[in-house]
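Scroll down for the structure; my scribbles are underneath it.
All of the numbers you see were taken from the coordinates with simple rules; none came from a lab. Being a predicted model, the structure only gives us computed values, none of them experimental. In this analysis, Cβ positions are derived from the backbone assuming ideal geometry, glycine residues included, and neighbour counts consider all displayed protein chains.
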Amino acid sequence: MLKVSAIAITIGLCVVGQGHAASCEAVTAKQVAAAISGGNPRDGLEKYLTKKLSKPRYFENGKCTDPAKDLKLYPGIPYHDCSYENGGLHGWARVAIIPPSMLAAWIDSACQSKGSKCLSRVTAYSWCSNQLSFPIAGNIIEPGNSGGGSDDSSHNFIFLHGVTVPRPAWLGATQDLDAAVQAKNLAPLSDIEQPSTLTAQVARPAGIRREIYTEFAPEPKLSDIGSSCPASKRGPAWFDASRRALLAAWEKPHNIMFDALAGALEEGRAAGVVRCSP
């Protein structure tokens, strides 16, 4: 069970500040459009993502373990544990290693009947939202305003099964804590199937909230997963939806989270966090 601190994270990391996110999405969408302009958009997207992910993402740009596949809740899914530094804080994260070919297949499948603009939109949104990452457990350091605050300095954000959770009492929002201490406390959470804690709104790597999943994801999908607002309704079933979607999609041509994202973006819907009324 996670102990909740006085400062609880109640929204997911969907954007990196309004201006920065828009700029990132515009640039990325343009790059993807160029990459898929040849004869085979699926191949072009895979080449683009392969190049994009050939460089470690910032939370992997430190000391990472060799890939392993021994997590009981993620059978057959490779991951590595990374200790890193970002913005003056140290972090530790256990991250699923999703091949670019699989990500490209999920996005391409989600956009099959929607055209090339869908490929650009879905890729740009999910990359700029979270760099197509799935943190199984760990601390992903982001600007405070990406979690709904007004502070753009570096903050600790705790993740479990691809979703942000309330920050534990032993780690302050801006506290710099040794990565080994974080690993000792956070690694065991990987084996907790149904944590007794509220979740945030958004699940990675698609970066969608519950309502988008409920409305646009194809069957089979979980029901009774709660709602984004009020925060008290964000029940732990969202952990299951996030984890099971990854498991069901592994080495398969489609991922229902990306199907839902593509459907929402096609209708001009905001897929990420929403502000809850007081």
key: Spatial separation of Cα centroids for the range 254-269 and the range 59-102, in angstrom   = 26
Estimated FRET transfer efficiency (Ala169, Ala237; beta-carbon r; R0 30 Å; 0.05) = 0.75
query = Across the chain, where is the longest run that never hits GluC sites (Glu not before Pro) in a DSSP loop with at most 15 other C-beta atoms within 10 Å?
reply = 1-192
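What is the ratio of the Cα radius of gyration of the chain to 2.2 N^0.38 Å, where N is its residue count, to two decimals?
On the way: Rg = 17.4 Å, N = 278, 2.2 N^0.38 = 18.7 Å.
Here the answer is 0.93, to two decimals.
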ask   = What percent does the relative contact order of the range 18-198 come to when contacts are Cα pairs within less than 8 Å and at least six residues apart?
value = 21
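Given a cut-off of 21 Å, name the pairs among Lys221/Lys252; Lys55/Lys184; Lys63/Lys184; Lys69/Lys184; Lys52/Lys72; Lys63/Lys252 whose C-alpha atoms lie farther apart than that in the structure shown. Spell out each step's value before the answer.
Working: Lys221/Lys252 16 Å; Lys55/Lys184 27 Å; Lys63/Lys184 16 Å; Lys69/Lys184 19 Å; Lys52/Lys72 30 Å; Lys63/Lys252 30 Å.
Violating the 21 Å limit, Cα to Cα: Lys55/Lys184; Lys52/Lys72; Lys63/Lys252.
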query = Rounded to the nearest 500 deg cm²/dmol, what is the calculated helix-only ellipticity per residue at 222 nm for the chain, with -39500 (n - 2.57) per DSSP H run of length n ≥ 4?
reply = -10500 deg cm²/dmol
Sum of side-chain charges, Gln201 neighbourhood, beta-carbon under 10 Å (Lys, Arg +1; Asp, Glu -1) = +2
query = If you add up the charges near Asn156, with Lys and Arg at +1 and Asp and Glu at -1, over every other residue whose beta carbon is less than 11 angstrom from its beta carbon, what do you get?
reply = -1
ask   = For Gly62, what charge total do you get from the other residues with a beta carbon under 14 Å from its beta carbon, if Lys and Arg give +1 and Asp and Glu give -1?
value = 0
request  = Round to the nearest 10 and give me the degree value, 0 to 90, for the angle of helix 116-130's Cα axis relative to the longest principal axis of the chain.
outcome  = 10
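Taking the Cα centre as origin and putting +1 on Lys and Arg beta-carbons and -1 on Asp and Glu beta-carbons, what dipole magnitude results for the range 18-198, to the nearest 20 debye?
Values: 16 positive and 16 negative charges, 132 e Å.
In debye, rounded to 20, the range 18-198 gives about 640.
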